[in-house]
1. With the condition kept exactly as written, say whether any residue in the stretch 277-296 is among the β-branched types (V, I, T) and within 27 Å of V315 (Cα to Cα).
2. Determine, yes or no, whether H207 is within 26 Å of I262 (Cβ to Cβ), of a type outside the set (D, E, K, R) and modelled with pLDDT under 95.
3. Going residue by residue through the stretch 171-190, is there one that turns out to be within 19 Å of I88 (Cβ to Cβ), in a loop (DSSP other than H, G, I, E, B), of a type outside the set (V, I, T) and out of contact with any strand residue (DSSP E or B) (no Cβ under 7 Å at 6 or more places or on another chain)?
4. So G101 passes all but one of these: (1) surrounded by 14 or more Cβ atoms within 10 Å (Cβ to Cβ); (2) of a type outside the set (D, E); (3) under 23 Å from the mean Cα position of the chain (by Cα); (4) at pLDDT below 90. Which condition number does it fail?
5. Considering only the stretch 216-258, state which residues are within 21 Å of L275 (Cα to Cα) and basic (K, R).
6. Going through the stretch 154-167 one residue at a time, which ones are crowded, with 20+ Cβ neighbours inside 10 Å and either free of Cβ contacts under 8 Å to residues at least 24 places away in the same chain or outside any helix (DSSP H, G or I) (or both)?
7. Could you check L147 against (1) hydrophobic (A, V, I, L, M, F, W, C); (2) farther than 30 Å from C28 by Cβ; (3) touching a residue at least 60 places away in the same chain (Cβ under 8 Å) and say which number it fails?
8. Of all residues being assigned to a loop (DSSP other than H, G, I, E, B) and in contact with a strand residue (DSSP E or B) (Cβ under 9 Å, 6 or more places away or on another chain) in the stretch 262-285, which is surrounded by the fewest Cβ atoms within 10 Å (Cβ to Cβ)? Just the residue, please.
Amino acid sequence: MAKKNRIRYVCSVCAHEEAKWLGRCPSCGSWNTLEETSIEAGGGGGTDRGADRKTTARVQRLESIEASAANRFSSGMEELDRVLGGGIIPGSSILIGGEPGIGKSTLMLQIAGAMQQNLSVLYVTGEESAGHIKHRAERIGIGSSSLHLLCENNVDAILRSANKLEPEVLIIDSIQTLISPEAGNVPGTVNQLTYSCYEITDWCREHGAAVFLIAHVTKEGSIAGPKLVEHLVDTVLQFEHSGDEVRFLRPLKNRFGAVEEIGLFLMDGSGLHQLPNPASRFLARRGCELPPGIAVAAVYEGSRVLLVELQALTVPAKGGLSRIYSDRIDSRRVSRMAAVLEKHLSLRFSDQDIYVNIAGGLRIDEVGIDFPLALALYSARTDISVPRDLAAAGEVTLAGELRSISHLERRRKAAVDLGYKNFFGPPNQKDSENKGTLTLSTAVQQIFNPKGEG
């Protein structure tokens, strides 16, 4: 007798299942996210593979396992290798998400063209025709090559082609278009995404092939589909832009490297290009004194130092209720620095609307931004400019003290190399033990009133 499929309602956000439809998911609280899904009785088509895997697995002692060094290979783009932790690991799975038109497919086609000289690469697309891919390849300078292309969205057909070709790198564009009869008849559902992602990544682990999975994002900017997909892969990358041609590639998860790295690219008609001299990209060079509210910060992103321009503006609050407008720096950090200035330097911010921005659209989260942010706020509130040849970095405590931060000397050297004669930051650990702690009020006095006037 044929098995009868059963109907379940699965949340598209958290993958919670219910026997009947509900307006609100009882697990994550999201509204109107339960979708009807047909599930084959008896566990579906994945049980046979799971049973086979169980027969070959064996229990091992950790001490008896020989850990082999990961043999990374280059993607052909230094910025992408930096974000991945030094290159691509065979058998790893990489999920990359971003807004429509930001350059995800272009980036994948470029690295496919760069790697196909030495590696076997299979580019699978379920969104575009072969002619469209060929046209883009010619536009970005790949031209005729031995790159293998497959226009298919059926998971079983993709794996059959992969078994014949045995590629070393597999690119899927995109996972939302994949479909398998084992998980239903509609692409993009929770079951389809979970099942397809598992089948693809499992095949790549078994065959030692690296896989790139392109993913769509929601209107909030998060990767569309259940969170389980992000757990299945080894690395999750987020593609962002600053409103112009600059693109930022950030790791949200990386089992084989750090998540503090950032990749910088320029986008134009010929594709994505690695950003030359990124240390000074986010600076606006002026031939005169800085306007009030501007400060230069030396920030440490991953393994390199970037100099960025912080912009602050304070205006009287409208209606007596002050607000903070900041999307490149956490508004809670801005509020905290304003409170420290108000407490220890007697500047009033409670009746002011505060606007904070970073030139170039870069988003900064590290603690070294505290001190230059405080200088920008002080400058904006007092209408006194920060010296044009000064760069700063440091953490500010709630007690109004400057704490030492990592890689202080590297920040100082990067600022000097770019023409900033003065670098102001907290003393290093050795100096602080001998001379005591530097306070924010003392630092502001030395910067804005070096002669002790007034």
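1. Checked against the condition, which is being among the β-branched types (V, I, T) and within 27 Å of V315 (Cα to Cα), the stretch 277-296 yields at least one hit.
2. no
3. no
4. Going through (1) surrounded by 14 or more Cβ atoms within 10 Å (Cβ to Cβ); (2) of a type outside the set (D, E); (3) under 23 Å from the mean Cα position of the chain (by Cα); (4) at pLDDT below 90 one by one, G101 breaks only (1).
5. Scanning the stretch 216-258 gives R247, R250.
6. Once the filter is applied, which keeps residues that are crowded, with 20+ Cβ neighbours inside 10 Å and either free of Cβ contacts under 8 Å to residues at least 24 places away in the same chain or outside any helix (DSSP H, G or I) (or both), the stretch 154-167 yields only P167.
7. (3)
8. P276
The values are calculated or read from the model by the stated rules, or taken from the named source; none is laboratory data. None of the values given here were measured: they were computed from a predicted structure. Backbone-built Cβ (ideal geometry, glycine too); neighbour counts: all protein chains shown.
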